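To start, the structure under review is shown below, and the notes come after it.
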Amino acid sequence: MSLVDQFQRRITYLRLSVTDRCDLRCTYCMPERQTFLPRAEVLDLEELHRLALAFIARGVTKIRLTGGEPLVRRDMIELVRALGRRLGDGLEELTLTTNGTQLASHADDLAAAGVRRINVSLDTLDRATFVALARRDGLTQVLEGIAAARAAGLKIKINTVVLKGVNEHEIPALIEWAHGQGMDLTLIEVMPLGAVDADRFDQYLPLTQVRAALDQRFTLAASAHRTGGPARYVDVAETGGRLGFITPLTSNFCDGCNRVRVTTTGQLHPCLGGSEMVDLRAALRSANADVALEAALNRAMAIKPERHHFAIDGKGQAPALARHMSVTGG
Ligand code: SAM
Ligand code: SF4
(Lines give C-alpha, C1' and ligand atoms only; values in the text may rest on other atoms or scores of the structure.)
(Ligands and ions follow the chains in the order given, each with its own letter.)
Protein backbone atom coordinates (compact mmCIF):
# COMPACT_ATOMS: atom_id res chain seq x y z
CA MET A 1 0.00 0.00 0.00
CA SER A 2 1.41 3.38 -0.94
CA LEU A 3 2.18 6.14 1.53
CA VAL A 4 -0.51 8.83 1.39
CA ASP A 5 -0.96 11.42 4.12
CA GLN A 6 -4.19 12.93 5.43
CA PHE A 7 -3.91 15.78 2.89
CA GLN A 8 -3.79 13.26 0.04
CA ARG A 9 -0.10 13.89 -0.65
CA ARG A 10 1.63 10.78 -1.91
CA ILE A 11 5.07 10.22 -0.41
CA THR A 12 7.48 8.90 -3.00
CA TYR A 13 10.72 10.49 -1.83
CA LEU A 14 12.85 9.51 1.16
CA ARG A 15 15.76 11.55 2.43
CA LEU A 16 17.82 9.22 4.54
CA SER A 17 20.55 10.57 6.79
CA VAL A 18 23.46 8.16 7.08
CA THR A 19 25.46 10.14 9.65
CA ASP A 20 25.15 13.29 11.73
CA ARG A 21 28.92 13.79 11.53
CA CYS A 22 30.61 16.24 9.24
CA ASP A 23 34.08 17.41 8.29
CA LEU A 24 32.87 21.03 7.99
CA ARG A 25 31.10 23.27 10.51
CA CYS A 26 29.04 25.64 8.37
CA THR A 27 28.01 28.56 10.54
CA TYR A 28 24.34 28.37 9.51
CA CYS A 29 24.15 24.60 10.05
CA MET A 30 25.83 23.83 13.36
CA PRO A 31 27.81 25.43 16.17
CA GLU A 32 31.61 25.22 16.22
CA ARG A 33 31.44 22.73 19.08
CA GLN A 34 28.83 20.33 17.87
CA THR A 35 28.25 17.15 19.87
CA PHE A 36 27.79 14.12 17.67
CA LEU A 37 25.82 10.98 18.45
CA PRO A 38 27.49 7.96 20.05
CA ARG A 39 27.91 5.26 17.39
CA ALA A 40 25.64 2.81 19.21
CA GLU A 41 22.72 5.16 18.60
CA VAL A 42 23.23 5.17 14.87
CA LEU A 43 21.59 2.63 12.57
CA ASP A 44 24.01 0.10 11.18
CA LEU A 45 24.32 -0.60 7.49
CA GLU A 46 21.93 -3.52 7.49
CA GLU A 47 19.30 -1.51 9.37
CA LEU A 48 19.60 1.40 6.94
CA HIS A 49 19.22 -1.02 4.06
CA ARG A 50 16.17 -2.73 5.57
CA LEU A 51 14.57 0.61 6.25
CA ALA A 52 15.13 1.81 2.71
CA LEU A 53 13.66 -1.43 1.33
CA ALA A 54 10.57 -0.98 3.53
CA PHE A 55 10.05 2.45 1.98
CA ILE A 56 10.53 1.09 -1.55
CA ALA A 57 7.93 -1.59 -0.78
CA ARG A 58 5.52 1.24 0.13
CA GLY A 59 6.02 3.10 -3.14
CA VAL A 60 9.04 5.31 -2.53
CA THR A 61 10.81 5.70 -5.87
CA LYS A 62 13.52 8.20 -4.99
CA ILE A 63 16.05 8.03 -2.18
CA ARG A 64 18.52 10.76 -1.32
CA LEU A 65 21.31 9.91 1.10
CA THR A 66 22.36 12.85 3.18
CA GLY A 67 23.60 13.81 6.63
CA GLY A 68 25.74 15.36 8.16
CA GLU A 69 28.18 14.62 5.42
CA PRO A 70 27.22 11.26 3.90
CA LEU A 71 30.67 10.63 2.44
CA VAL A 72 32.38 10.67 5.85
CA ARG A 73 30.60 7.45 6.79
CA ARG A 74 33.00 4.63 5.91
CA ASP A 75 30.48 1.99 4.83
CA MET A 76 28.29 4.46 2.97
CA ILE A 77 29.37 3.22 -0.45
CA GLU A 78 28.20 -0.30 0.48
CA LEU A 79 24.73 1.10 1.14
CA VAL A 80 24.84 2.90 -2.20
CA ARG A 81 25.77 -0.35 -3.94
CA ALA A 82 23.04 -2.32 -2.17
CA LEU A 83 20.38 0.26 -3.00
CA GLY A 84 21.76 0.69 -6.51
CA ARG A 85 20.74 -2.91 -7.15
CA ARG A 86 17.09 -1.83 -6.70
CA LEU A 87 17.31 0.78 -9.46
CA GLY A 88 14.79 -0.18 -12.12
CA ASP A 89 13.19 -2.50 -9.57
CA GLY A 90 10.98 -0.17 -7.54
CA LEU A 91 13.60 2.52 -7.16
CA GLU A 92 13.85 5.11 -9.93
CA GLU A 93 16.52 7.37 -8.54
CA LEU A 94 19.29 7.07 -5.99
CA THR A 95 21.14 10.25 -5.22
CA LEU A 96 22.96 12.14 -2.51
CA THR A 97 23.64 15.60 -1.13
CA THR A 98 27.25 16.23 -0.27
CA ASN A 99 29.57 19.06 0.66
CA GLY A 100 31.96 17.65 -1.94
CA THR A 101 35.11 17.49 0.19
CA GLN A 102 35.44 13.70 -0.23
CA LEU A 103 33.85 13.47 -3.64
CA ALA A 104 37.07 13.02 -5.60
CA SER A 105 37.69 9.60 -4.08
CA HIS A 106 34.06 8.42 -4.32
CA ALA A 107 32.82 9.75 -7.66
CA ASP A 108 33.67 6.67 -9.73
CA ASP A 109 32.16 4.28 -7.18
CA LEU A 110 28.96 6.32 -6.98
CA ALA A 111 28.59 6.33 -10.76
CA ALA A 112 29.33 2.59 -10.96
CA ALA A 113 26.60 1.93 -8.36
CA GLY A 114 24.00 3.67 -10.52
CA VAL A 115 23.98 7.20 -9.11
CA ARG A 116 23.39 9.62 -11.98
CA ARG A 117 22.86 13.01 -10.34
CA ILE A 118 24.06 14.54 -7.11
CA ASN A 119 23.64 17.83 -5.27
CA VAL A 120 26.80 19.56 -4.10
CA SER A 121 26.50 22.33 -1.54
CA LEU A 122 28.80 25.25 -2.24
CA ASP A 123 28.21 28.73 -0.91
CA THR A 124 31.29 30.56 -2.16
CA LEU A 125 34.18 30.41 -4.61
CA ASP A 126 36.36 32.57 -2.41
CA ARG A 127 38.75 30.70 -0.17
CA ALA A 128 38.69 33.14 2.73
CA THR A 129 34.89 33.24 2.69
CA PHE A 130 34.80 29.44 2.55
CA VAL A 131 37.02 29.21 5.62
CA ALA A 132 34.91 31.78 7.47
CA LEU A 133 31.69 30.07 6.49
CA ALA A 134 32.61 26.40 6.88
CA ARG A 135 35.15 27.01 9.66
CA ARG A 136 37.46 24.64 7.76
CA ASP A 137 39.62 25.03 4.66
CA GLY A 138 38.11 22.82 1.98
CA LEU A 139 37.43 24.81 -1.17
CA THR A 140 40.18 23.15 -3.22
CA GLN A 141 38.95 19.66 -2.30
CA VAL A 142 35.36 20.60 -3.14
CA LEU A 143 36.35 21.95 -6.56
CA GLU A 144 38.43 18.83 -7.20
CA GLY A 145 35.49 16.72 -6.08
CA ILE A 146 33.16 18.48 -8.49
CA ALA A 147 35.64 17.99 -11.33
CA ALA A 148 35.98 14.28 -10.51
CA ALA A 149 32.22 13.83 -10.35
CA ARG A 150 31.79 15.48 -13.73
CA ALA A 151 34.54 13.32 -15.18
CA ALA A 152 32.71 10.26 -13.81
CA GLY A 153 29.62 11.37 -15.72
CA LEU A 154 27.56 12.51 -12.72
CA LYS A 155 25.19 15.40 -13.31
CA ILE A 156 25.64 18.03 -10.60
CA LYS A 157 23.33 20.61 -9.12
CA ILE A 158 24.94 23.21 -6.90
CA ASN A 159 23.00 24.34 -3.80
CA THR A 160 23.90 27.69 -2.26
CA VAL A 161 22.54 29.05 1.01
CA VAL A 162 22.44 32.83 0.69
CA LEU A 163 23.73 34.62 3.78
CA LYS A 164 23.38 38.29 4.46
CA GLY A 165 26.67 40.14 4.11
CA VAL A 166 28.64 36.90 3.59
CA ASN A 167 28.08 35.56 0.08
CA GLU A 168 25.21 37.68 -1.23
CA HIS A 169 27.57 39.66 -3.50
CA GLU A 170 28.99 36.48 -4.96
CA ILE A 171 25.72 35.12 -6.29
CA PRO A 172 26.15 36.43 -9.87
CA ALA A 173 29.67 34.96 -10.00
CA LEU A 174 28.42 31.62 -8.67
CA ILE A 175 25.67 31.56 -11.29
CA GLU A 176 28.12 32.29 -14.10
CA TRP A 177 30.59 29.72 -12.81
CA ALA A 178 28.02 26.92 -12.37
CA HIS A 179 26.19 27.57 -15.62
CA GLY A 180 29.52 27.91 -17.44
CA GLN A 181 30.16 24.27 -16.55
CA GLY A 182 26.68 23.05 -17.38
CA MET A 183 25.55 22.77 -13.74
CA ASP A 184 22.22 24.07 -12.43
CA LEU A 185 22.36 26.23 -9.33
CA THR A 186 19.71 26.60 -6.64
CA LEU A 187 19.64 29.34 -4.03
CA ILE A 188 18.25 28.54 -0.56
CA GLU A 189 16.98 30.75 2.25
CA VAL A 190 18.56 30.04 5.61
CA MET A 191 16.14 28.28 7.95
CA PRO A 192 15.90 28.60 11.76
CA LEU A 193 16.71 24.95 12.49
CA GLY A 194 18.86 24.26 15.53
CA ALA A 195 20.88 26.71 17.61
CA VAL A 196 24.02 28.04 15.94
CA ASP A 197 26.55 30.52 17.26
CA ALA A 198 25.19 33.43 15.20
CA ASP A 199 21.79 35.10 15.39
CA ARG A 200 19.65 33.77 12.52
CA PHE A 201 18.33 37.25 11.86
CA ASP A 202 21.84 38.42 11.03
CA GLN A 203 22.24 35.54 8.55
CA TYR A 204 18.85 35.71 6.91
CA LEU A 205 18.44 37.35 3.53
CA PRO A 206 15.01 36.92 1.90
CA LEU A 207 15.42 35.55 -1.60
CA THR A 208 12.85 38.06 -2.82
CA GLN A 209 15.62 40.67 -2.37
CA VAL A 210 18.23 38.50 -4.05
CA ARG A 211 15.92 37.90 -6.98
CA ALA A 212 15.27 41.64 -7.35
CA ALA A 213 19.02 42.30 -7.50
CA LEU A 214 19.55 39.49 -10.02
CA ASP A 215 16.77 40.90 -12.19
CA GLN A 216 18.87 44.05 -12.62
CA ARG A 217 21.78 42.07 -13.90
CA PHE A 218 20.34 39.09 -15.78
CA THR A 219 17.34 38.39 -17.95
CA LEU A 220 15.38 35.83 -15.93
CA ALA A 221 12.45 34.03 -17.50
CA ALA A 222 10.11 31.84 -15.43
CA SER A 223 10.67 28.19 -16.29
CA ALA A 224 8.09 25.41 -16.29
CA HIS A 225 10.81 23.04 -15.07
CA ARG A 226 9.82 21.15 -11.89
CA THR A 227 11.56 18.38 -10.03
CA GLY A 228 8.68 17.62 -7.66
CA GLY A 229 10.57 19.54 -4.99
CA PRO A 230 10.19 23.00 -3.48
CA ALA A 231 12.45 24.82 -5.96
CA ARG A 232 10.99 27.21 -8.51
CA TYR A 233 13.15 27.82 -11.55
CA VAL A 234 14.05 30.57 -13.97
CA ASP A 235 16.11 30.38 -17.15
CA VAL A 236 18.99 32.85 -17.28
CA ALA A 237 19.26 34.21 -20.83
CA GLU A 238 22.87 35.41 -20.48
CA THR A 239 24.25 32.06 -19.29
CA GLY A 240 21.78 29.64 -20.89
CA GLY A 241 21.51 27.92 -17.49
CA ARG A 242 18.79 27.22 -14.98
CA LEU A 243 18.53 28.92 -11.59
CA GLY A 244 16.36 27.61 -8.74
CA PHE A 245 14.98 29.35 -5.67
CA ILE A 246 14.01 27.50 -2.49
CA THR A 247 12.06 29.93 -0.34
CA PRO A 248 10.71 28.23 2.78
CA LEU A 249 10.30 31.60 4.51
CA THR A 250 9.15 34.02 1.83
CA SER A 251 6.88 31.59 0.00
CA ASN A 252 5.41 28.40 1.41
CA PHE A 253 5.61 25.34 -0.78
CA CYS A 254 4.18 22.60 1.43
CA ASP A 255 1.13 21.83 -0.77
CA GLY A 256 3.01 19.54 -3.06
CA CYS A 257 5.26 17.92 -0.45
CA ASN A 258 6.15 14.38 -1.48
CA ARG A 259 8.86 13.52 1.05
CA VAL A 260 9.78 12.39 4.52
CA ARG A 261 13.12 12.38 6.30
CA VAL A 262 14.74 9.72 8.44
CA THR A 263 17.62 10.55 10.77
CA THR A 264 20.64 8.38 11.28
CA THR A 265 19.04 7.07 14.49
CA GLY A 266 15.93 5.99 12.59
CA GLN A 267 13.64 8.83 13.69
CA LEU A 268 11.20 9.59 10.92
CA HIS A 269 10.34 13.28 10.66
CA PRO A 270 7.38 13.76 8.38
CA CYS A 271 8.14 17.50 8.16
CA LEU A 272 11.54 19.24 8.14
CA GLY A 273 9.98 22.13 10.05
CA GLY A 274 7.83 20.18 12.51
CA SER A 275 8.44 18.32 15.76
CA GLU A 276 6.35 15.27 14.74
CA MET A 277 8.35 12.07 14.92
CA VAL A 278 7.98 8.31 14.57
CA ASP A 279 10.63 5.94 15.93
CA LEU A 280 11.51 3.52 13.14
CA ARG A 281 14.53 2.19 15.00
CA ALA A 282 12.33 0.85 17.78
CA ALA A 283 10.14 -0.76 15.13
CA LEU A 284 13.16 -2.22 13.31
CA ARG A 285 14.58 -3.66 16.51
CA SER A 286 11.27 -5.07 17.78
CA ALA A 287 10.35 -8.78 17.75
CA ASN A 288 7.92 -8.44 14.87
CA ALA A 289 9.82 -5.84 12.88
CA ASP A 290 7.92 -6.05 9.59
CA VAL A 291 4.54 -5.47 11.21
CA ALA A 292 5.91 -2.76 13.50
CA LEU A 293 7.50 -0.94 10.56
CA GLU A 294 4.27 -1.03 8.56
CA ALA A 295 2.41 0.44 11.53
CA ALA A 296 5.08 3.10 12.10
CA LEU A 297 4.93 4.22 8.46
CA ASN A 298 1.14 4.41 8.64
CA ARG A 299 1.43 6.51 11.77
CA ALA A 300 3.85 8.87 10.01
CA MET A 301 1.26 9.43 7.30
CA ALA A 302 -1.39 10.17 9.92
CA ILE A 303 0.70 12.85 11.64
CA LYS A 304 2.42 14.55 8.69
CA PRO A 305 1.44 18.21 9.19
CA GLU A 306 -0.10 20.31 6.48
CA ARG A 307 2.77 22.79 6.45
CA HIS A 308 5.76 24.09 8.36
CA HIS A 309 5.41 27.26 10.45
CA PHE A 310 8.94 28.53 10.88
CA ALA A 311 9.84 32.17 10.35
CA ILE A 312 12.69 34.60 11.05
CA ASP A 313 11.02 37.80 12.18
CA GLY A 314 13.55 39.56 14.33
CA LYS A 315 16.71 39.37 16.40
CA GLY A 316 17.09 37.08 19.40
CA GLN A 317 14.54 34.53 18.26
CA ALA A 318 14.94 30.98 19.55
CA PRO A 319 15.30 28.36 16.80
CA ALA A 320 11.96 27.14 15.43
CA LEU A 321 13.21 23.65 16.24
CA ALA A 322 16.06 22.44 18.41
CA ARG A 323 17.02 19.93 15.72
CA HIS A 324 19.85 20.89 13.39
CA MET A 325 19.57 20.33 9.67
CA SER A 326 22.62 18.05 9.96
CA VAL A 327 20.55 15.74 12.19
CA THR A 328 17.36 15.67 10.19
CA GLY A 329 19.18 15.38 6.90
CA GLY A 330 19.09 18.38 4.59
N1 SAM B 1 26.76 17.85 4.34
C2 SAM B 1 25.97 17.80 3.15
C3 SAM B 1 25.93 19.12 2.45
O4 SAM B 1 26.33 20.13 3.04
O5 SAM B 1 25.49 19.13 1.30
C6 SAM B 1 24.58 17.28 3.35
C7 SAM B 1 23.82 17.71 4.57
S8 SAM B 1 23.48 19.46 4.68
C9 SAM B 1 22.62 19.56 6.21
C10 SAM B 1 22.25 19.63 3.42
C11 SAM B 1 21.94 21.02 2.96
O12 SAM B 1 21.34 21.73 4.01
C13 SAM B 1 23.13 21.83 2.51
O14 SAM B 1 22.89 22.34 1.21
C15 SAM B 1 23.20 22.94 3.51
O16 SAM B 1 23.69 24.10 2.93
C17 SAM B 1 21.77 23.07 3.93
N18 SAM B 1 21.55 23.66 5.25
C19 SAM B 1 22.10 23.33 6.44
N20 SAM B 1 21.61 24.09 7.44
C21 SAM B 1 20.71 24.92 6.87
C22 SAM B 1 19.86 25.95 7.38
N23 SAM B 1 19.82 26.25 8.66
N24 SAM B 1 19.07 26.61 6.50
C25 SAM B 1 19.09 26.30 5.17
N26 SAM B 1 19.87 25.34 4.64
C27 SAM B 1 20.67 24.67 5.48
FE1 SF4 C 1 28.34 19.81 7.26
FE2 SF4 C 1 26.55 20.07 5.31
FE3 SF4 C 1 26.10 21.11 7.74
FE4 SF4 C 1 27.97 22.20 6.24
S5 SF4 C 1 25.78 22.10 5.75
S6 SF4 C 1 28.18 21.67 8.42
S7 SF4 C 1 28.74 20.48 5.15
S8 SF4 C 1 26.24 18.98 7.26
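The values are calculated or read from the model by the stated rules, or taken from the named source; none is laboratory data. All of these numbers come straight from a predicted model, not from anything done at the bench. Backbone-built Cβ (ideal geometry, glycine too); neighbour counts: all protein chains shown. For accessibility, only protein heavy atoms count, side chains too; no ligands or nucleic acids. Shrake-Rupley method; radii C 1.70, N 1.55, O 1.52, S 1.80 Å.
A few comments on the model shown:
- Of all residues in the range 252-270 being open to solvent by less than 30 Å² (accessible area, probe 1.4 Å) and of a type in the set (D, E, K, R), the one that is modelled with the lowest pLDDT: Arg259
- Filtering the range 142-175 to residues that are in contact with an Asp or Glu (Cβ under 9 Å, 6 or more places away or on another chain) and not aliphatic (A, V, I, L, M) leaves Lys155, Lys157, Asn159, Thr160, Lys164, Gly165, Asn167, Glu170.
- So Ala295, is it buried (at least 21 other Cβ atoms within 10 Å of the Cβ), free of Cβ contacts under 8 Å to residues at least 60 places away in the same chain and among the small types (Gly, Ala, Ser): no
- Residues in the range 40-58 that are surrounded by fewer than 16 Cβ atoms within 10 Å (Cβ to Cβ), more than 18 Å from Gly84 (Cβ to Cβ) and of a type outside the set (Gly, Ala, Ser): Glu41, Asp44.
- Checked against (1) out of contact with any helix residue (DSSP H, G or I) (no Cβ under 8 Å at 6 or more places or on another chain); (2) assigned to a loop (DSSP other than H, G, I, E, B), Thr239 passes all but condition (1).
- Cβ-Cβ under 7 Å pairs, at least 6 apart or on other chains, the range 122-136 side away from ligand 2 (no atom under 14 Å from the Cβ), far side among the aromatic types (Phe, Trp, Tyr) and open to solvent by less than 60 Å² (accessible area, probe 1.4 Å): Leu125/Trp177
- Leu125 vs. criteria modelled with pLDDT of 95 or more, within 16 Å of ligand 1 (Cβ to nearest atom) and under 28 Å from Val278 (Cβ atoms): no
- Any hit, the range 86-94, residues being within 23 Å of Leu297 (Cβ to Cβ) and under 16 Å from the mean Cα position of the chain (by Cα): yes
- Some residue of the range 99-106 being within 15 Å of ligand 1 (Cβ to nearest atom), in contact with a Ser or Thr (Cβ under 6 Å, 6 or more places away or on another chain), at pLDDT 95 or above and within 20 Å of Ser17 (Cα to Cα): yes
- Lone qualifier among Asp202, Asp197 - being charged (D, E, K, R) and either part of a loop (DSSP other than H, G, I, E, B) or at pLDDT 95 or above (or both): Asp197
- For the range 9-30, the set of residues classified as open to solvent by 20 Å² or more (accessible area, probe 1.4 Å) and farther than 27 Å from Leu91 by Cβ consists of Asp23, Arg25, Cys26, Thr27, Tyr28, Cys29, listed by residue number.
- Qualifying residue in the range 216-234 (condition: within 23 Å of Gln181 (Cα to Cα), in a strand (DSSP E or B) and either of a type in the set (Val, Ile, Thr) or open to solvent by less than 20 Å² (accessible area, probe 1.4 Å) (or both)): yes
- Long-range neighbours under 9 Å by Cβ, at least six apart or interchain, first residue open to solvent by 60 Å² or more (accessible area, probe 1.4 Å) within the range 80-109, second of a type in the set (Asp, Glu) and in a helix (DSSP H, G or I): Arg81/Asp109
- Condition check for Val260: part of a strand (DSSP E or B), β-branched (Val, Ile, Thr) and in contact (Cβ under 8 Å) with a residue 40 or more places away in the chain: yes
- Hits in the range 1-58 - residues which are of a type outside the set (A, V, I, L, M), in a helix (DSSP H, G or I) and either under 28 Å from Ile303 (Cβ atoms) or within 16 Å of ligand 1 (Cβ to nearest atom) (or both): Glu41, Glu46, Glu47, His49, Arg50, Phe55
- Selection from the range 108-136 of residues that are assigned to a helix (DSSP H, G or I) and either under 22 Å from Ser326 (Cα atoms) or charged (D, E, K, R) (or both): Asp108, Asp109, Leu110, Arg127, Thr129, Phe130, Val131, Ala132, Leu133, Ala134
- Residues in the range 153-190 that are surrounded by fewer than 18 Cβ atoms within 10 Å (Cβ to Cβ) and of a type outside the set (D, E, K, R): Gly153, Gly165, His169, Pro172, Ala173, Trp177, Gly180, Gln181, Gly182.
- All positions within the range 63-75 that are surrounded by fewer than 20 Cβ atoms within 10 Å (Cβ to Cβ) and not in a loop (DSSP other than H, G, I, E, B): Val72
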